[in-house]
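Below is one structure; the comments refer to it alone.
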Amino acid sequence: MLAHTSILRCRLRVIKSEEPIAITAVASSEPKIKMREELAKKLINETAPVFTLKNLDGQTVSLADLKGKTVVVDFWATWCGPCVASFPAMQMAVTKYKDDANIKFVFIDTWENGDDFLPKVKKFIADKKYTFNVLIDDKDDVGKQGKVVSQYKVEGIPTKFIIDKNGNIRFKTTGFGGSPEAMVDELSEMIELVTATDVKPSR
């Protein structure tokens with residue numbers, strides 16, 4: 001609401017003076033500053049479990065190979081409504097950072113039902129034209145798909161982790177609500193905070 005009001009003020013006063021424009025520009029940035037301050041309080045520092053999984057093309061992807069980069073890990077499933085609802089926003093985020101070699105996204109499909117889910121996952125991604133690097137979670141000790149999701153102690157999906165260049169988990173978020181734009185803004189602020197904060201690997 002503050003940002004919207006500031007824009008209106010800027011439009012009304014533009015013909016009178018440049019000074020109010022500067023004032024309202026500062027005002028419109030206040031929500032983002034407040035968001036960053038609140039997110040900074042949620043920074044954590046835990047060792048990210050290393051995983052090696054195959055993507056939809058059968059290629060092996062390892063978290064260890066991504067060390068030195070900021071990695072966004074998104075646990076999801078095709079049957080998960082909030083996961084699917086969040087994907088337009090995640091595509092916006094992937095597109096935003098597609099030219100940044102230091103930011104990587106991986107989407108770990110997990111907790112699918114049955115053993116013949118792979119074609120369904122491939123069709124879902126292809127039909128939606130998502131440009132995601134989708135990895136398939138391994139089976140756990142009892143034969144169910146969920147090895148890596150268990151290692152990350154995920155209790156519900158979608159759950160996202162932001163891992164820094166040293167292999168530390170810095171943020172964990174669960175669920176999806178609000179607009180795609182709001183989600184991208186929040187995720188972008190998290191990524192910027194992580195890339196700006198250099199900590200030693202946790203032990």
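The values are calculated or read from the model by the stated rules, or taken from the named source; none is laboratory data. Keep in mind that what you see is a predicted model, and the values were worked out from it rather than measured. Heads up, the Cβs are rebuilt from the backbone with ideal geometry, glycines too, and the neighbour counts pull from every protein chain shown.
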Seminar exercise, completed: Conditions (1) under 18 Å from V106 (Cα atoms); (2) buried (at least 16 other Cβ atoms within 10 Å of the Cβ) -> D185 fails only (1)
Problem set entry | Residue among D99, D141 that is more than 18 Å from V73 (Cβ to Cβ), in the same structural domain as V50 (by TED's automatic domain parsing), among the charged types (D, E, K, R) and within 17 Å of the chain's Cα centre (by Cα) | D99
For this session: Output the number of residues of the stretch 58-87 satisfying the condition of being under 12 Å from the mean Cα position of the chain (by Cα) and in contact (Cβ under 8 Å) with a residue 60 or more places away in the chain.
Result: 9
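Yes or no, residue by residue, for (1) surrounded by fewer than 13 Cβ atoms within 10 Å (Cβ to Cβ); (2) in contact with an Asp or Glu (Cβ under 8 Å, 6 or more places away or on another chain); (3) modelled with pLDDT under 95:
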residue	(1), (2), (3)
I15	yes, no, yes
N45	no, no, no
T52	no, no, no
D57	yes, no, no
T60	yes, no, no
V72	no, no, no
W76	no, yes, no
C80	no, no, no
A85	no, no, no
Exercise. Restricting the search to the stretch 126-137, which residues are under 21 Å from the mean Cα position of the chain (by Cα) and surrounded by fewer than 18 Cβ atoms within 10 Å (Cβ to Cβ)?
Worked result: A126, K128, K129, Y130, T131, N133
For this session: Read through the list (1) farther than 22 Å from T173 by Cα; (2) surrounded by 12 or more Cβ atoms within 10 Å (Cβ to Cβ); (3) under 17 Å from the mean Cα position of the chain (by Cα); (4) not small (G, A, S), then give the number of the only condition that K122 fails.
Result: (3)
Problem set entry | Count of the stretch 164-187 residues which are among the hydroxyl-bearing types (S, T, Y) and either more than 23 Å from N45 (Cα to Cα) or not assigned by TED's automatic domain parsing to the domain that holds V106 (or both) | 1
Exercise. Does G156 meet the test of being modelled with pLDDT of 95 or more and surrounded by 18 or more Cβ atoms within 10 Å (Cβ to Cβ)?
Worked result: no
